[in-house]
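Contents: one structure, followed by commentary.
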Amino acid sequence: MTVQELNSVLGNNIRRYRVQKGYGLREFAKKVGVHVTQLNRWEKGRALINGINLVTLAQLFEVEVWELYYPKDIKEEHKAGTEDNKTHES
């Protein structure tokens, strides 16, 4: 996976978590302590996020940092799909 692809995945997940928590773009940017333009760039995968901001985002979303890249619900869906495939192959 390229850095650009990884940024895109991260950005999509940030947006998803933000929307799930009910935050608007401006409101959430203020909570994070960044300009709304910066948050928008992150969500579109157009800017890198430093470690401090990753930790801040994870804390606000109440998740582990790795879940910003690979959310638990997606991991659980993938695991369930893999187990279903094994069942069908038998």
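Taken together, the values in this text are just the output of simple stated rules run on the coordinates, not laboratory data. Since the model is a prediction, treat every value here as computed from it, not as a measurement. A quick note on method: Cβ atoms are made from the backbone with ideal geometry, for glycine too, and the neighbour counts reach across all protein chains shown.
Observations on the structure shown:
- All positions within region 51-69 that are without any contact (Cβ under 8 Å) to a residue 60 or more places away in the chain and of a type in the set (Phe, Trp, Tyr): Phe61, Trp66
- The set of residues in region 3-22 being more than 14 Å from the chain's Cα centre (by Cα) and of a type outside the set (S, T, N, Q) consists of Val3, Gly22.
- Within region 16-31, being closer than 15 Å to Val65 by Cα and either surrounded by fewer than 18 Cβ atoms within 10 Å (Cβ to Cβ) or of a type in the set (D, E, K, R) (or both) holds for Arg16, Arg18.
- Selection of region 33-72 for residues being under 15 Å from Arg15 (Cβ atoms), charged (D, E, K, R) and not in a helix (DSSP H, G or I) yields Lys44, Arg46.
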